[in-house]
Amino acid sequence: MITNVYVDGFNLFYGCLKGTRHKWLDLDALAHRMAPNHQIHRIRYFTAKISARPNDLDGPNKQGFYLRALSTIPHLSIHLGRFQQKKTRMRLAHPPPGGPATVEVIKTEEKGSDVNLATHLLADAFRQDCEVAIVISNDADLAEPIRLVRHEIGIRVGVVNPHPTRRRSIELEAVSPTFFREIRESVLAGCQFPEKLADARGEIRRPATW
């Protein structure tokens, strides 16, 4: 079966990669593990470029190395959203007696990736670009485009949840995908890029502290 894979990068990262040693993830290897009898036609990876933070000044460089590593996969394309940062006032969960009930915080939001994923999922389905679509995300906002592709256009859709089972999206389950799978840590460990790769710009090394 000809299969396209749509990867919600930040949902994947915060669902099962953050705080682990498995961030150097080969998405082509992961796709084949999730769909072993399928022909992986294309992989679309949706993310946004991060900015340096006080606790991780080298974050943009590490992300850059990873995006270069992903770009060595011939049938993978990277689709970039954007980050939006703003100051906002939010309520404290436990305000101190006699103290302020709110605090001003800097809120960072990743914008555009879910819309981009939904758009490409629908466009590919309308073009009959694949027989099966696999969505790697636990974002409930994707329920409606998945429903349309599955039940209106007639493309089989599988959902791969990168989050713990207890946090599985009820909304995604409700649209009755063709299959619903979890990502085990052993799968992540077995789907890592080599420590060193190469592209037209030269050598790509896995970040030492990533």
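Is there a residue in segment 154-169 that is buried (at least 18 other Cβ atoms within 10 Å of the Cβ), farther than 30 Å from G64 by Cβ and touching a residue at least 60 places away in the same chain (Cβ under 8 Å)? Yes, there is a match, as at least one residue in segment 154-169 is buried (at least 18 other Cβ atoms within 10 Å of the Cβ), farther than 30 Å from G64 by Cβ and touching a residue at least 60 places away in the same chain (Cβ under 8 Å). Identification of strands (runs of 3 or more DSSP E) wholly contained in segment 4-93 with 2 or more residues that are modelled with pLDDT under 95 and farther than 24 Å from T209 by Cα yields 82-91.
The residue that is surrounded by the most Cβ atoms within 10 Å (Cβ to Cβ), counting only those in segment 22-50 that are farther than 24 Å from E131 by Cα, in contact with a Leu (Cβ under 9 Å, 6 or more places away or on another chain) and not polar (S, T, N, Q), is L25. Residues of segment 143-168 that are within 16 Å of R181 (Cα to Cα) and touching a strand residue (DSSP E or B) at 6+ places or on another chain (Cβ under 7 Å): I146, R156, V157, G158, V159, V160, N161, P162, T165, R168.
Is it true that L12 is touching a residue at least 40 places away in the same chain (Cβ under 8 Å) and touching a Pro at 6+ places or on another chain (Cβ under 6 Å)? Judged against the criteria, L12 is a match.
Filtering segment 186-201 to residues that are farther than 15 Å from K23 by Cβ and among the charged types (D, E, K, R) leaves K196, D199, R201. Of A198, A208, all but one fail to be more than 20 Å from A125 (Cα to Cα) and outside any strand (DSSP E or B); the exception is A208. Among the criteria (1) in a helix (DSSP H, G or I); (2) surrounded by 12 or more Cβ atoms within 10 Å (Cβ to Cβ), the one R181 does not fulfil is (1).
When L27 is tested against (1) farther than 19 Å from K196 by Cα; (2) out of contact with any His (no Cβ under 9 Å at 6 or more places or on another chain), exactly one condition is not met: (1). Pairs, please: C-beta under 9 Å, at least 6 apart or cross-chain, first residue under 19 Å from D58 (Cα atoms) and in segment 190-210, second of a type in the set (S, T, N, Q) and part of a strand (DSSP E or B)? That search, which allows pairs on different chains as well, returns R206/Q192.
Okay, residues lined up against (1) under 15 Å from the mean Cα position of the chain (by Cα); (2) not aliphatic (A, V, I, L, M):
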position	(1), (2)
R91	no, yes
P97	no, yes
L122	no, no
Q128	no, yes
S137	yes, yes
D141	yes, yes
V149	no, no
P162	yes, yes
A198	no, no
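For V187, indicate whether it is aliphatic (A, V, I, L, M), farther than 22 Å from L25 by Cβ and buried (at least 16 other Cβ atoms within 10 Å of the Cβ). No: the conditions fail for V187. The residue of segment 130-183 that is farthest from V5 (Cα to Cα), among those that are polar (S, T, N, Q) and out of contact with any Ser or Thr (no Cβ under 8 Å at 6 or more places or on another chain), is T165. The residue of segment 105-126 that is nearest to N11 (Cα to Cα), among those that are modelled with pLDDT under 75 and surrounded by 10 or more Cβ atoms within 10 Å (Cβ to Cβ), is E110.
The values are calculated or read from the model by the stated rules, or taken from the named source; none is laboratory data. Every value quoted in this text rests on a predicted model; they were computed, and no experiment measured them. Ideal geometry is used to build each Cβ from the backbone, glycine not excepted, and the neighbour counts take in all protein chains shown.
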